[in-house]
1. Within the set B:Lys184/B:Lys232; A:Lys185/A:Lys232; A:Lys10/B:Lys10; A:Lys196/A:Lys241; B:Lys101/B:Lys232; A:Lys232/B:Lys10, which residue pairs have Cα atoms separated by over 18 Å?
2. Between A:Thr56 and the same site in the other copies, what are the distances in nm, shortest first, taking label points 7 Å from Cα along the C-beta direction?
3. Between the label point of B:Tyr97 and that of the same position in each other copy, find the distances and list them shortest first in nm, with every label point placed 7 Å from Cα along the Cα-to-C-beta direction.
4. What accessible surface, in Å², does a 1.4 Å probe find on B:Thr2, ignoring ligands, DNA and RNA and rounding to the nearest 10?
5. Would you list which aspartates and glutamates come within 17 Å of B:Lys45, measuring only between C-alpha atoms, while excluding same-chain residues fewer than 8 positions from it?
6. Tell me, what is the 1.4 Å probe accessible area of B:Lys10, in Å² to the nearest 10?
7. Just how large is the dipole of segment A:184-279 about the Cα centre, in debye to the nearest 20, putting +1 at every Lys and Arg Cβ and -1 at every Asp and Glu Cβ?
8. Counting pairwise Cα distances across segment A:1-123, what percent come out greater than 23 angstrom?
Number of protein chains: 2
Amino acid sequence: MTIENLSSNKTFGGWHKQYSHVSSSLNCTMRFAIYLPPQASSGEKVPVLYWLSGLTCTDENFMQKAGAHRIAAELGIAIVAPDTSPRGEDVADDEGYDLGKGAGFYVNATEAPWRHHYQMYDYIVNELPALIESTFPVSNKRAISGHSMGGHGALVISLRNPERFTSVSAFSPISNPSNCPWGKKAFTAYLGEDSKTWRNYDASILMREATQKVPGLVDQGLADDFLTEQLKPELLEAAAKASDYPLEVRLHEGYDHSYYFIASFIEDHLRFHADHLQR
Amino acid sequence: MTIENLSSNKTFGGWHKQYSHVSSSLNCTMRFAIYLPPQASSGEKVPVLYWLSGLTCTDENFMQKAGAHRIAAELGIAIVAPDTSPRGEDVADDEGYDLGKGAGFYVNATEAPWRHHYQMYDYIVNELPALIESTFPVSNKRAISGHSMGGHGALVISLRNPERFTSVSAFSPISNPSNCPWGKKAFTAYLGEDSKTWRNYDASILMREATQKVPGLVDQGLADDFLTEQLKPELLEAAAKASDYPLEVRLHEGYDHSYYFIASFIEDHLRFHADHLQR
């Protein structure tokens with residue numbers, strides 16, 4: 001397993017670094033970014049927050065726009081930001097921004113032409129943490145968070161792997177993808193017409209049936225253009241209520257779907273995860 | 001004078017907004033961004049920090065990447081980020097990233113084909129503040145800062161207009177443009193071959209001769225690829241020493257020319273300006 005360093009920037013006393021590696025889950029070369037806080041330079045094994053980005057994003061959006069390094073440096077948490085889909089010229093794609101490259105939806109595709117590369121669920125759950133933990137001075141304490149499509153990914157992955165993550169959070173997640181246009185389009189393409197196969201990738205369905213429970217925090221802006229048609233946090237909240245899931249959903253007047261919203265509240269998310277990672 | 005609102009995002013309890021307007025100095029339509037802290041929504045007239053960006057940037061880079069809104073919200077300071085050159089199809093341009101669009105260098109061009117539009121000095125010193133102060137709930141207390149080419153702009157503009165700004169700061173400024181490749185290329189094009197006309201746009205020359213003095217803060221990364229050939233902070237420091245100018249120059253091991261560096265230290269700059277703006 002070779003890994004190539006592409007860039008390094010000192011930030012808040014730690015380091016932001018981009019790497020490329022050949023992914024065996026995705027059958028292509030992938031790029032990811034890691035923020036290593038100052039504590040990691042002094043030999044300490046730090047816990048890791050995985051951040052899953054939304055539609056059209058790469059590893060760069062969160063690192064550049066969220067303002068998270070300051071708090072991660074204070075708390076001694078590494079942050080890993082993977083890409084949002086397999087990449088490369090031979091990777092299947094679609095004209096829409098909401099399917100194909102930049103829109104992997106964190107599922108293992110079962111349908112042609114997607115299934116050869118689009119195995120983002122396996123990549124995030126297994127391959128990437130194994131690579132991170134064998135390469136960097138990090139512990140095996142993990143938390144997970146994300147935005148929009150990545151909020152969906154973070155919730156689904158923590159709900160299905162509660163033993164692997166101490167805590168989960170999301171900004172503006174696609175809460176019930178089986179039941180919204182973005183989710184229906186992606187799941188039909190990647191998983192096929194039979195919506196029974198979609199249930200394993202739907203946070204509102206999984207949370208309703210959850211037994212082993214990882215504490216959760218969700219922030220949602222009330223001026224988000226996608227709130228009513230695509231995101232539907234009220235369905236996730238209802239699912240949490242039904243299974244007595246420890247989920248806090250916070251609604252914020254005036255905030256939209258942008259990184260300005262994420263930046264405004266990322267500090268709360270990092271402190272929430274730090275509380276659980278450091279137990 | 002009409003002004004059109006292009007976007008609005010709530011951030012840290014305040015608002016990031018983009019506007020377009022027809023500039024009489026620049027003879028074209030310009031875009032700028034403003035961050036209005038929460039205090040501005042409750043009728044308070046807040047002071048303004050003008051941020052001048054570097055080569056290739058627009059109004060967006062600082063607003064998205066610097067992580068400044070959090071501190072501006074706490075301190076009750078508005079931030080205005082203009083574009084870095086005139087814009088539009090009929091505006092003269094060059095193939096290089098360091099001349100023409102995105103590279104106005106905050107000068108009033110005297111040479112063809114630039115002089116019709118490239119009057120960025122007048123735009124930043126007079127037209128834009130007049131527009132801001134007649135449109136938004138801001139006071140006439142102003143500070144100025146910038147990065148690289150914008151650090152040069154901030155220093156020059158405050159040195160020539162000490163009565164208009166309470167304080168100046170810069171990240172990685174082009175400290176002595178008469179004496180580096182970026183500056184020589186731009187000044188030759190915009191101002192002509194006679195380097196005597198360049199002196200009014202050279203911070204190290206102006207600072208050496210300064211009488212009315214505005215407090216200054218400069219941060220420079222020591223891993224900045226442009227440090228030795230283009231930036232030369234030691235010449236600015238020498239000029240400050242010669243005129244007993246109240247300038248602090250801080251050198252930072254390991255930091256580069258990117259916004260990760262700016263984000264790491266922008267809090268210090270905002271607190272520095274707040275101390276002077278609120279006197």
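The values are calculated or read from the model by the stated rules, or taken from the named source; none is laboratory data. Because the structure is predicted, anything quoted here is derived from the model rather than measured. Here Cβ is always computed from backbone atoms with ideal geometry, including for glycine, and neighbour counts include all displayed protein chains. The protein model used for the area step is the full one, side chains on, heavy atoms only, and it has no ligands, DNA or RNA in it. Shrake-Rupley method; radii C 1.70, N 1.55, O 1.52, S 1.80 Å.
1. Working: B:Lys184/B:Lys232 14 Å; A:Lys185/A:Lys232 16 Å; A:Lys10/B:Lys10 29 Å; A:Lys196/A:Lys241 23 Å; B:Lys101/B:Lys232 24 Å; A:Lys232/B:Lys10 21 Å.
The answer is A:Lys10/B:Lys10; A:Lys196/A:Lys241; B:Lys101/B:Lys232; A:Lys232/B:Lys10.
2. 2.1
3. Sorted ascending, the copy-to-copy spacings read 2.4 nm.
4. Its heavy atoms expose roughly 110 Å² to the probe.
5. Output for B:Lys45: B:Glu74, B:Glu133, B:Asp275.
6. 40 Å²
7. Working: 11 positive and 17 negative charges, 90 e Å.
Once rounded to the nearest 20, the dipole reads 440 debye.
8. Values: 2556 of 7503 pairs.
Result for the distance tail: 34 percent.
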